[in-house]
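**Student:** Attaching a single structure in structure tokens format; questions to follow.
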Amino acid sequence: MSERKNGLSYADAGVDIDAGNMLVEKIKPLVRSTRRPGADSEIGGFGGLFDLKAAGFSDPILVAANDGVGTKLKVAIEAGKHDTVGIDLVAMCVNDLVVQGAEPLFFLDYFATGKLDAEQGAAIVAGIAEGCRQAGCALIGGETAEMPGMYAQDDYDLAGFAVGAAERGQLLPSDDIAEGDVILGLTSSGLHSNGFSLVRKIVSAGGFDWQEKAPFDDSRSLAEAMLEPTRIYVKPLLQAISATHGVKALAHITGGGLTENLPRVLPDAIAAEIDLDTFDVPPVFSWLANDGGVVSSEMLRTFNCGVGMVVVVGEGQAAQVAALLQEAGEEVISLGRIIAQRENGIIYRGKLAL
């Protein structure tokens, strides 16, 4: 039997408490930058605080969402680029809140890694703080876990948790979605955070390198193009909801694409008729479809194909809602209409321009 070493420390087991403390100090200014009414305390306590009354709510319903970034993280790790996946983390949560008519209030993150690198961690949290600023919510806490043996030294994972609120009676979808309502689409910023297991398989099978020029965009590397962060639609949508009272439903187009996500907000005996000829498919999706041999139906149920959010609005208010969203910086597409049908779902017309 080998002689046991005396005086073992946590560091000997691969966990560096000092690195964790250094990370907390680095991210404190980032956390402060996300303060908003209702949240102004420092991180470092055992729990984050939020004051609903100070945020201006009188009779709120709380809405919660959690999500991750998926295997898009593998692209960030392999490319050594960590400053945007935090935006993705926030986006995947807060976009799910706003589709229910809720204003995101606060956010918490979970960052787990095999070996804590304070600089890498700070870059990730900088992205999280940026996402929170874009969404108007406060970063009020989180957890950093260094777990040697659970993760390889360079690997890490992220999870996000967001809470929002809406006044009672103002949640979406509304109960008056009907035949003739207009379906609008808001363009995506790219792949967002879905389908990356398929993306990575196509990249690997084609022998591509993340540092090469992207085959569909010679102004950026393949990694930079694929890591374009998820668009956060919160502020324009909240403005449209409150200013027009014409938004009946929203659908965040994440994993499952249009095919799986839009029917989730439609009532029974109602379907969406979508004209695929009404929008241009961004080059990244065309490249994936053509180089990977992915058929249109699979593209539509795996990726957003250029439409990151869907808005269902009454016909009489469609122009007003579209104009307001355009003024707020969104590119709005007229996708189709709501039709009566025995079972809810999507009927596609036209052809996806791949």
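**Student:** Please give the number of the condition K248 fails out of (1) under 19 Å from D176 (Cβ atoms); (2) of a type in the set (K, R); (3) open to solvent by 40 Å² or more (accessible area, probe 1.4 Å).
**Tutor:** Checking K248 against (1) under 19 Å from D176 (Cβ atoms); (2) of a type in the set (K, R); (3) open to solvent by 40 Å² or more (accessible area, probe 1.4 Å), the one that fails is (3).
**Student:** Same structure, new question: Kindly establish whether A76 is at pLDDT 95 or above, under 25 Å from V310 (Cβ atoms) and not β-branched (V, I, T).
**Tutor:** The answer is no for A76.
**Student:** State the number of residues belonging to segment 261-320 that are in contact with a Pro (Cβ under 9 Å, 6 or more places away or on another chain) and part of a loop (DSSP other than H, G, I, E, B).
**Tutor:** 4
**Student:** Give all pairs with beta carbons closer than 8 Å in which a residue from segment 148-163 that is over 17 Å from V90 (Cα atoms) and of a type in the set (G, A, S) meets a residue that is open to solvent by less than 60 Å² (accessible area, probe 1.4 Å) and not in a strand (DSSP E or B); count only pairs at least 6 apart in sequence or on separate chains.
**Tutor:** G149/G14; G149/G114; A152/G114
**Student:** A follow-up question, please. L73: open to solvent by less than 20 Å² (accessible area, probe 1.4 Å), within 17 Å of T144 (Cβ to Cβ) and either of a type in the set (D, E, K, R) or not in a strand (DSSP E or B) (or both), yes or no?
**Tutor:** Criteria met by L73.
**Student:** Could you list, in sequence order, all residues of segment 79-101 that are surrounded by 15 or more Cβ atoms within 10 Å (Cβ to Cβ) and either of a type in the set (F, W, Y) or farther than 21 Å from I232 by Cα (or both)?
**Tutor:** Within segment 79-101, the first condition is being surrounded by 15 or more Cβ atoms within 10 Å (Cβ to Cβ), and the residues that meet it are 79, 81-101.
Once the filter is applied, which keeps residues that are surrounded by 15 or more Cβ atoms within 10 Å (Cβ to Cβ) and either of a type in the set (F, W, Y) or farther than 21 Å from I232 by Cα (or both), segment 79-101 yields only A79.
**Student:** How about segment 217-245: which of its residues are open to solvent by 40 Å² or more (accessible area, probe 1.4 Å), over 23 Å from the mean Cα position of the chain (by Cα) and either farther than 24 Å from G127 by Cβ or of a type in the set (A, V, I, L, M, F, W, C) (or both)?
**Tutor:** Those that are open to solvent by 40 Å² or more (accessible area, probe 1.4 Å), over 23 Å from the mean Cα position of the chain (by Cα) and either farther than 24 Å from G127 by Cβ or of a type in the set (A, V, I, L, M, F, W, C) (or both): D218, A243, H245.
**Student:** Further question: Looking at segment 321-354, which of the residues that are assigned to a loop (DSSP other than H, G, I, E, B) and of a type in the set (A, V, I, L, M) is least open to solvent (accessible area, probe 1.4 Å)?
**Tutor:** Per the criteria, the residue is L352.
The values are calculated or read from the model by the stated rules, or taken from the named source; none is laboratory data. Just so we're clear, the structure is a prediction, and the values are computed from it rather than from any experiment. Virtual Cβ from ideal backbone geometry, glycine too; neighbours counted across all protein chains shown. Side chains are part of the model used for accessible areas, which takes the heavy atoms of the whole protein and leaves out ligands, DNA and RNA. Shrake-Rupley method; radii C 1.70, N 1.55, O 1.52, S 1.80 Å.
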